Amino acid sequence: MPEEVRVMARLCSVVAALLLTAHALPAFADNIEGADTDYRIDNGLKIPGTDINVGSYGTASLDNHPDTAPRLAVDALSLFVWWDGQGRWKFFSELEYENLLYTEAYAKGKNGYLSLERLYAEYALTDTVGLRAGKFLTPIGRWNEIHATPLVWTTSRPLATQYLFPDNMSGVMVKGSLPNVGRGIDYSFYASDGEEIRPNPSLDPFREAVGAHVVVNSLYGAQFGFSYVSFEQEHSKPGHNQLLGSDFLWTHNRFEVMAEAVYRRSDAGSRNDEWGGYVQFVAPLSERLYGVARYENLHLAQQSVTTQVRVAGLNYKLSSHLILKIEWASSRNNRIGAPDGLLSSVSVLL
Amino acid sequence: MIAAAILIAFVDFVALPAERTGAPPFAVIVASDSDTGRITRDDAASIFRRKQTFWKNGLRVQPVNLPASDPLRQAFSRCVLGQAPEALEDYWRQMYFQGVLPPRVLESERAVNLFVATTPGGIGYVSTCTNDPRITVLITFGDVPNCPKRTAVCVPLQDS
């Protein structure tokens, strides 16, 4: 049997298993204490007799780029495990198997890799002040901290959230919520000395970083976020950098507007400055179907042009844990291999 | 983004909090020996969004909900959280990704009364107060039968 056919068969079986599992889950969706299972939708699996919870998500995607053959892949399978003993301590970890299965040469060179996304301990001094130490998602903007595919509206990820800062970092963080200040403020201050825990070889981690992210809640569900980080990276980009960012989220009656803007200033000269951002609109088309439109741009160091991407798509929430997406991405000045063409995916949150 | 900020700030300035009407009245209850102190509607919202997880005395807060389809849960969610339970689905999926679970769900008000009376740090809501001395009413929304009045007003609804 040819290799392509074998891989395709394995992919189809994995996708079918994910769909069947997700389809069977509503039987347990009552979410009521006393049910004869410890699994609850969106609550993960609570290990009986312990304070350990296990959750996971997975994504299978089908892309049809104009210049390459169609690609069917299981992009990621993620497992997160946490312990919450109902006291002040909490431990959290997330492992992700990247590039699990794929069909086509497009993904060659992207070998499967078991990535440690998060591994940290938290101690809540109070509700307003908590301490975190370990490896965590970099708190810049909004997308990066909720980047799990079942939680975002599109298959593709905005370029500005991929290219301008590392996804995760190892260090310490002071974080908390101030619910009685105005309409509520969430904050995090963090620092890293660059000792990355299990660094992902495909990413360029922080060599050092000190930063903050503050989110201010306003009326009608609007949230304004501000990010600042002073940092250096290990490999690809020279010099010391200062990053300023802002983010915005507004939801109302299932409509949503989300935006982020990031400017990264390098002390290695203005030609090394980088910036980017996006604005995304979501509108309900029916009870479960949503329309999504996004415009984004990205300007990288040493480049004379700014990459622009327009995305238009549909997001169908078959249930709260099974999401189908299809979108068309169109790019200009695309020298960085930004997603282009038809992209679709099925995401499962378990 | 700046235009959006100005628009929201303007709306924020001119908007007046409005008490919701037509929803069934309910009371927020805790165990009498919990030593939780008084709370406001906004405190209750923080508790049921799992933003506030400790009482002032350091005890862990143990909130319980009724099922999402229960009319009282609908009323509580809209009045205190400003959103229907269904509109909070995305919020809870994001919190789940951070390892934060929504309040436990109990199937009846009787179960809520029992849980609150016997669980340190427990907090729930009911449509009728009992004479159980183990339970204290913190806030009421509307005229709740058999309850002392500790009336608060609903938050403006964000999502219908």
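Summary of values
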quantity	calculated
Some residue of the range A:297-320 being over 22 Å from the mean Cα position of the chain (by Cα), outside any strand (DSSP E or B) and buried (at least 16 other Cβ atoms within 10 Å of the Cβ)	yes
The range A:321-333, subset within 17 Å of the chain's Cα centre (by Cα) and buried (at least 20 other Cβ atoms within 10 Å of the Cβ), residue nearest to the other protein chains (Cβ to nearest Cβ)	A:H321
Boolean, A:Q280 is surrounded by 17 or more Cβ atoms within 10 Å (Cβ to Cβ) and touching a residue at least 12 places away in the same chain (Cβ under 8 Å)	yes
Hits in the range A:159-173 (condition: over 14 Å from the mean Cα position of the chain (by Cα) and of a type outside the set (A, V, I, L, M, F, W, C))	A:S170, A:G171
Some residue of the range B:53-65 being without any contact (Cβ under 8 Å) to a residue 60 or more places away in the chain, more than 21 Å from A:L178 (Cα to Cα) and under 11 Å from the mean Cα position of the chain (by Cα)	yes
Yes/no for A:N43 being free of Cβ contacts under 8 Å to residues at least 24 places away in the same chain, crowded, with 17+ Cβ neighbours inside 10 Å and within 14 Å of chain B (Cβ to nearest Cβ)	yes
Number of positions in the range B:24-54 that are closer than 11 Å to B:F76 by Cβ, in contact with a Lys or Arg (Cβ under 9 Å, 6 or more places away or on another chain) and within 14 Å of chain A (Cβ to nearest Cβ)	1
Residue selected from the range B:24-38 under the condition among the β-branched types (V, I, T) and more than 11 Å from the chain's Cα centre (by Cα), by the criterion modelled with the lowest pLDDT	B:T36
Search result, residues across the range A:160-212 that are among the hydroxyl-bearing types (S, T, Y) and over 14 Å from A:T138 (Cα atoms)	A:S177, A:S202
Criterion violated by A:N111 - all others in (1) part of a strand (DSSP E or B); (2) on the phi < 0 side of the Ramachandran plot; (3) surrounded by fewer than 20 Cβ atoms within 10 Å (Cβ to Cβ) satisfied	(1)
Those residues of the range A:111-134 which are more than 14 Å from chain B (Cβ to nearest Cβ) and in contact with a Gly (Cβ under 9 Å, 6 or more places away or on another chain), in sequence order	A:A133
Answer residue from the range A:170-189, given it is closer than 18 Å to A:R132 by Cα and of a type in the set (D, E, K, R) and is nearest to the other protein chains (Cβ to nearest Cβ) among those	A:D186
Meets criteria (within 14 Å of chain B (Cβ to nearest Cβ) and either under 20 Å from the mean Cα position of the chain (by Cα) or in contact (Cβ under 8 Å) with a residue 60 or more places away in the chain (or both)) for A:A293	no
Condition broken by A:L116, with the remaining ones in (1) free of Cβ contacts under 8 Å to residues at least 60 places away in the same chain; (2) touching a Lys or Arg at 6+ places or on another chain (Cβ under 7 Å) satisfied	(1)
Enumeration of residues in the range B:137-160 that are in contact with a Ser or Thr (Cβ under 6 Å, 6 or more places away or on another chain) and buried (at least 18 other Cβ atoms within 10 Å of the Cβ)	B:T140, B:C147
Residue within the range A:64-81 that is surrounded by fewer than 17 Cβ atoms within 10 Å (Cβ to Cβ), of a type in the set (S, T, Y) and away from every other protein chain (no Cβ under 12 Å) present	yes
Residues within the range B:69-126 that are small (G, A, S), within 13 Å of chain A (Cβ to nearest Cβ) and assigned to a helix (DSSP H, G or I), tallied	2
Selected residue (only one of B:R60, B:R50, B:R73 is within 23 Å of B:D132 (Cα to Cα) and touching a helix residue (DSSP H, G or I) at 6+ places or on another chain (Cβ under 7 Å))	B:R73
Looking only at the range A:242-282, and only at residues there that are over 23 Å from the mean Cα position of the chain (by Cα) and not acidic (D, E), the one that is nearest to A:I140 (Cα to Cα)	A:R265
Condition met for A:S156 (among the small types (G, A, S), under 26 Å from B:R93 (Cβ atoms), touching a strand residue (DSSP E or B) at 6+ places or on another chain (Cβ under 6 Å) and in a loop (DSSP other than H, G, I, E, B))	yes
All positions within the range A:334-350 that are touching a helix residue (DSSP H, G or I) at 6+ places or on another chain (Cβ under 8 Å), farther than 16 Å from B:R93 by Cα and buried (at least 17 other Cβ atoms within 10 Å of the Cβ)	A:S345, A:V346
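The values are calculated or read from the model by the stated rules, or taken from the named source; none is laboratory data. Computed from a prediction, not measured in an experiment: that's the story for all the values here. Every residue, glycine as well, gets a Cβ built from its backbone with ideal geometry; the counts of neighbours run over all protein chains shown.
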